[in-house]
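Report on the structure given below.
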Amino acid sequence: LSLTVSSNEGNASSPLLYGFMFEDINHSGDGGIHAQLLRNNGFQGENATLTAYSAVGGATLAVDSDNPLSQAIQRSLKVSVAEGATGQVGFSNEGYWGIQVNQARYTTAFYMKGQYEGDVTVKLVGTSDGTEYGSRTVSVRSNSSAYSLIETSIDANQAPDGNNLWIITFDAAKVAGGALSFDLIQLYPPTFRNRYNGLKPFLAEPLDAIKGSFLRFPGGNNLEGSSENTRWKWNETIGPLKDRPGRQGDWTYPNTDALGLLEYFYWCQDMNLTPILVVWAGFSLNSGGNTPITGPALEPYIDDVMRELEYILGDTTTEYGALRASHGQAEPLPLPFVEIGNEDNLGGGNLTYPERFMAFYDRIHAAYPDITIITSHAEVENLPDPRPAGIWMDFHTYAEPDQLVANFTQFDNVDRAFPYFVGEYAVIDDAAGERLEYPNMQAAVAESVYAIGMERNSDVVKMAAYAPLLQHLNDYQWTPNLISFNNDPDGLVLSTSYYVQQMFSVNRGHTILPVTADSAFGPLYWVASKSDDGYLIKMSNYGGASHDISVAFPQPCSGILTMLTGDQNAQNTNLTTSVTPTISDIMSADGNLHFIMPGWSVVILDASPL
Ligand code: AHR
């Protein structure tokens, strides 16, 4: 294949094109990127269980509703001690299927209530052999009338695996025949950018390495709730952790909401991402509860969104701006995008979406004309007619690899007046139609072909995100995912799709350049762009045969070639990493750059004028 890159400039490419969609699915938030390591720490969600807790030293544990920590955290742990007991008693928490313990200083905290004056010891220990990796003893004075907050730290040694427990014990003799209450136990490793209540470095760092441009949050289905009452409620995710009730998330497990509205904005700040806030639009999953809500009944929910926007954007003279300031964030936060609902075309939501969209649009646009408002789907027949000028549309696709490749030209001839946000896309099946556990090489190449199609049209496709982002390998609801993990020090899986996202996002041009070729697209696909210091070519080989490639640039260049390649079914899994990018230099032989694209490969050619 011979390509000739034109010096004439084509479409401007969207500076936001590559980014992230995040919701709490697969324990991507609690137990995932959120750094708090202890599970079920406020007994949130619909069922009160002792999940993750075990008694230590003969204590008896029970979930208790008689000693609420706060209005929000209504349940606590009652630790009863037998008459005549001596020695150390207490309880353990196993975290999210274990706790990763590294050589680091961990901060830990717990609320405690009940008559006690004496030492309390917190430890990190191996589950199987009791090896102690760190411990701290603090002197505590607590009483029966109110909870005391105890905060301390543990200097830990490296544990060989993630099979570890947090244990807290106290002097049994001082409580014998009685009980103590504990609540909102917490354990944090050092966090990404040292943010209080922040992100886990081992997951935040590979995301940061993608150098994405935006973060869409908080869902996804997890915004919607199974009913209006169980939707994600912004005002229950802010302020001190003891004031956040949590909720039964939409992906089978309770959410603590410790990763709440402000934390999403701090995540954006710390990774230089543009926030895209999704708001509930009167529709729960599959028309759950009393939804869809329409007409005047929708107004209170729009009011609620206006309060949320004031919390984000208002200065401290406003009621909710002042509330934000009381939470430690005096400066308003940037919010250029608001999306109305999530996939409200599905489950019967399509019939009422035009009305509901317009009700939210009118109020938000009148108050904040600079915010770009995004629809929750891109079925034009299920959008308002006419569509308000300036809106963008969120399009989602989960496909077989051939399907995604067939959609390479999807955006070539769309109406340029209404830009697209491809808010969720991924190959989810292998070539035989079987659901993938992890992305494989064919999936990654198909996604790269689709991404090339989007980048060629990035005057109208403004943003795109692979989804879902993160998966805890011990408990998940969806495969495949971009990054998988467990608690072992080497439990991180960067998938084939991860590397495509990273290669495409890190290498961005500002203007698409026309290319002439001596053959048509397929199985080879390409896009060229002008970067600040040269030219970038992205290419995919969606087939098993290798091809000789020659590229002529407007001026002689040398190049750096980043290549991802592997067998069609090759996967990076928690057992093996078989596919990672390689980098090589290419020198110009005859003014052109030549290289070979092996079967099932994705390359970036970064060309610099000689
Ligand atoms: O990414 C998983 C789910 O797929 C999202 O929650 C939803 O928006 C889509 O259907």
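No lab work stands behind these numbers, since they all come straight from the coordinates. Quantities reported herein were computed from a predicted structural model and do not represent experimental measurements. Please note: Cβ atoms are built from the backbone with ideal geometry, for glycine as well, and neighbour counts cover all protein chains shown.
3J(HN,Hα) along region 99-116: 10, 6, 10, 10, 6, 6, 8, 9, 9, 9, 8, 7, 9, 9, 9, x, 6, 7 Hz, from the Karplus curve 6.51 cos²θ - 1.76 cosθ + 1.60 with θ = phi - 60°, whole Hz, x for Gly and Pro.
Tally Lys and Arg at +1 and Asp and Glu at -1 over the other residues with C-beta under 13 Å from the C-beta of residue 314: what net charge comes out?
Values: positive: 307, 324; negative: 308, 310, 315, 319, 331.
Charge balance in the 13 Å sphere: -3.
Distances longer than 33 Å among the Cα atoms of the chain: what percent of all pairs is that? Across the chain, Cα pairs with separations above 33 Å total 50 percent. Beta bridges assigned by DSSP with both partners in region 349-440 are antiparallel in approximately 10 percent of cases. Placing +1 on the Cβ of every Lys and Arg and -1 on the Cβ of every Asp and Glu, with nothing else charged, gives region 53-188 a dipole about its Cα centre of roughly 220 debye. Of the chymotrypsin sites (Phe, Trp or Tyr not before Pro) in region 258-332, not one is in a loop by DSSP (not H, G, I, E or B) with at most 10 other beta carbons within 10 Å. Once the Cβ-Cβ distance of residue 590 and residue 434 is raised to the sixth power relative to R0 = 56 Å, the FRET efficiency obtained is 0.75. For residue 546, enumerate residues with amide H under 5 Å from its amide H, sequence gap 5+ or separate chain, H modeled in the peptide plane. Under 5 Å from the amide H of residue 546: 599. Label sites at residue 226 and residue 66, each approximated as a point 7 angstrom past Cα along Cα to Cβ, lie 3.0 nm apart.
Label zone (residue 316, point 7 Å along Cα-to-C-beta; backbone nitrogen cut-off 13 Å) within region 234-270: none.
Too long at a 21 Å Cα-Cα cut-off: which of 78/233; 211/462; 462/530; 200/538?
As for pairs spanning more than 21 Å Cα to Cα, those are 78/233; 200/538.
Backbone phi angles across region 398-405, fed through the Karplus curve with coefficients 6.51, -1.76 and 1.60 (θ = phi - 60°), yield HN-Hα couplings of 10, 9, 6, x, 4, 4, 5, 5 Hz in residue order; Gly and Pro are listed as x. In region 25-95, the ratio of gyration radius to Kirkwood radius, Rg to Rh, stands at 1.03 when only Cα atoms are counted. Taking one quarter of the surface of the convex hull spanned by the alpha-carbon atoms of region 379-501 gives a direction-averaged projected area of 8.7 nm².
Taking the number of other C-beta atoms within 10 Å as the exposure measure, put 226, 76 in order starting with the fewest.
Ranked by crowding around the Cβ, least crowded first: 226, 76.
Distances between placed amide hydrogens fall under 5 Å for residue 185 paired with 111, all partners being 5 or more residues away or on another chain. Among beta bridges identified by DSSP and lying wholly in the chain, the antiparallel ones come to about 75 percent. With the charge dipole of the chain set up from +1 on Lys and Arg Cβ and -1 on Asp and Glu Cβ about the Cα centre, the Cα lying farthest toward the positive end among the listed residues 603, 68, 87 is that of 87. In this calculation the C-beta distance from residue 558 to residue 107 is compared with R0 = 51 Å, giving a FRET efficiency of 0.55.
For the listed peptides 331-343, 27-39, a ranking on the average number of other beta carbons within 10 Å per residue, highest first, reads 27-39, 331-343.
Using the count of nearby Cβ atoms within 10 Å as a rough guide to exposure, how do 171, 129, 567 rank from fewest to most?
129, 567, 171
Compared with the alpha-carbon gap, the fully stretched path from residue 479 to residue 380 is longer by 32.7 nm at 0.36 nm per residue.
Taking the Cα centre of the chain as origin and assigning +1 to Lys and Arg Cβ atoms and -1 to Asp and Glu Cβ atoms, the resulting dipole is close to 1160 debye.
Axis angle, to the nearest 10 degrees, between helix 261-271 and the longest C-alpha principal axis of the chain: 50 degrees. In this structure, residue 370 and residue 117 have a Cβ-Cβ separation that, at R0 = 51 Å, corresponds to a calculated FRET efficiency of about 0.30. All C-alpha pair distances within region 212-315, sorted into 5 Å bins from zero, spread as 3, 12, 20, 24, 22, 13, 5, 1 percent across the bins. Taking other residues whose beta carbon is less than 13 angstrom from the beta carbon of residue 31, and scoring Lys, Arg as +1 and Asp, Glu as -1, yields -2. In terms of other Cβ atoms within 10 Å, 271, 587, 358, 454 run from fewest to most in the order 587, 358, 271, 454. Charge tally around residue 13: other residues with Cβ under 12 Å, Lys/Arg +1 each, Asp/Glu -1 each, net +2.
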